[in-house]
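Data block below; observations after.
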Amino acid sequence: MQDPLITIGRILMLVFPPFMILVPLVTALLAPQRATEESARARQRGLHLALVAGTMFSLAVWGTFVLLTPRFASAQWAAMWSWPLFFPLWFGLAWPLIRAKSPHWEGAMYGAEAASGAVRTASLVNRERLSPVTRWMWAVALLASVAGVAAIAARGLMPFPLESVGSGDEAAATAQRTQWWIFLGLSLMGPLGLLWLPRVLRAMLREPEPMDAAGSRDLAELYAAQRRRRVLGMFWLNGVAGPLVLGGIFALVTWFPNSGAIWGIIGGVGGTALGITGAVFGFMMTAERAKIAEARARLERSSSASAG
Amino acid sequence: MLTISLASAVPIHDQLVAGLRGLIAAGKLAKDDELPPVRQLAADLGINLNTVARAYRELTDAGLLASVRGRGTVVIATVERPSGPKADERKRIEAGLAAAFNDAKIAGLPREVVEAIVNRQIARLWGEA
């Protein structure tokens, strides 16, 4: 039962770095081409070449460590930790390339779209009152964040160690009790995060939604739909999925300490999946905002053309 | 919707006050309606927070808006609280109208155009005669 899971975990740890290294290049290639000026396209070509070269180099670094693993045990660790090469590739090359391909990303990223144009129109609806998160959703989040803490706290009612290991009982008891305290403290991040989440969601509802001069209804609907997805996504990821993964894994390790390696792998995979989902979600939301900024620019152009 | 123009010679703060007063006068903002938080309106218009806060404060001083706990800024009246004796208010408004008519005359607008503008504004706020 244990061996296949550990094998799967090792395979996942092996393929995770090249996956992360390839993400920036693949995402930049998939980003739609919206730049029309030749100077922007020339800049893109330079960034594109640099990104391909950087990706190849990073893959070579990872591959070298993998090949050295049979000879040096530390090479396996180095191969696994080559995944942070993702960061320079993403922030240094892929992100500038994506922004160069679609100029509206700039505004969508930094809220700068609000500052464009001489004529500015705003809705007078208080968006803080339009939260799509209902009371039952908050109840689910509360349950998800408290369940893990309760499960871990309940372990404190049982003796330490949970199962006798013979002469090493005293050491096992100390280790399990220390682990229990640490996990109990860490699992409190769920309920504490839930106290903070309403403020985060309110700030998201207030994100700029500059209208076109005519106050187009279509644009207002685009904003409303995107706002709903953005707030709900943030809520489910941070209010429910995060505390469930965190609390669940800590509770499992606390209650079944002898299977710690398996829980470690499952927790690692779950945490990574959650992190990747959050990153993809954030990227998609930015892409949607860029599309809305583009739609607004189109509306502004058509209204100034009809006025002219 | 509230619109301002950065190209206008009128300060943004005055445009905000005039815009909100116009919406209240036209009945588009009714008593008990909530206004957006200062941060939201400032972000949407891409202007300074303090400019919006100052406009809200001016309308609050005039008795049109109030800050209500749990609701934010709310329209509490559609008629301004007189800041002085009734006769002074009337003089102030007459002086404002006189200045607008002077502008119209100097701009070369014919009498019938000015009459049409005045009638349109009266119809907008008080309805057709």
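Here are a few things to note about the model shown:
- For region B:111-119, putting each phi into the Karplus relation 6.51 cos²θ - 1.76 cosθ + 1.60 with θ = phi - 60° gives couplings of 3, 5, 5, 5, 4, 4, 4, 4, 5 Hz, in residue order, rounded to whole numbers and with x for Gly and Pro.
- Cα point-scatterer Debye curve for region B:86-126, base-10 log of I(q)/I(0) at q = 0.22, 0.23, 0.26, 0.33 Å⁻¹: -0.80, -0.84, -0.93, -1.01
- For the protein assembly as shown, with +1 on Lys and Arg beta carbons and -1 on Asp and Glu, the positive-most of A:Ser123, A:Ala171, A:Thr286 along the dipole: A:Ser123
- Values of log10 I(q)/I(0), in the order q = 0.06, 0.10 Å⁻¹, for the protein assembly as shown under a Debye, Cα-only, solvent-free model: -0.44, -0.93
- FRET E, pair A:Ser306, A:Glu221, Förster distance 25 Å, beta-carbon r, rounded to 0.05: 0.75
- Descending Cα extents along the principal axes, chain B, whole Å: 50, 35, 28
- Note on region B:12-75: Cα-Cα pairs beyond 13 Å make up 61% of the total pair count.
- Sequence-distant residues sharing a close amide H with B:Leu65 (under 5 Å, placed H): B:Thr60, B:Ile76
- Using the Cβ-Cβ distance between A:Trp81 and B:Arg124 with R0 set to 56 Å, the FRET efficiency from 1/(1 + (r/R0)^6) comes to roughly 0.20.
- Per-residue [θ]222 nm for chain A (sum of -39500 (n - 2.57) over DSSP H runs n ≥ 4, rounded to 500): -24500 deg cm²/dmol
- In this rough spin-label picture, where each label sits 7 Å from Cα along the Cβ direction, the A:Leu5-A:Ala153 distance is 2.7 nm.
- Inter-label distance, nm, simple model (7 Å from Cα along the C-beta direction), B:Ile93/B:Glu80: 0.9
- Compared with the dominant principal axis of the Cα atoms in chain A, helix A:38-68 is inclined by about 10°.
- Entry note, chain B: the mean residue ellipticity at 222 nm calculated from DSSP H runs of n ≥ 4, each adding -39500 (n - 2.57), is -18000 deg cm²/dmol after division by the residues and rounding to the nearest 500.
- Per residue, the Cα convex hull of region A:181-220 amounts to 70 Å³.
- Amide H contacts of A:Val119 (H built 1.01 Å from N, under 5 Å, at least 5 apart or other chain): B:Leu6
- The loop-placed trypsin sites (Lys or Arg not before Pro) in region A:1-95, going by DSSP, that have at most 12 neighbouring Cβ atoms within 10 Å of their Cβ come out as A:Arg71.
Taken together, the values in this text are just the output of simple stated rules run on the coordinates, not laboratory data. What you see is a predicted model, and the numbers here were worked out from it, not measured in a lab. Cβ sites come from the backbone with ideal geometry, for glycine too, and all protein chains shown count toward neighbours.
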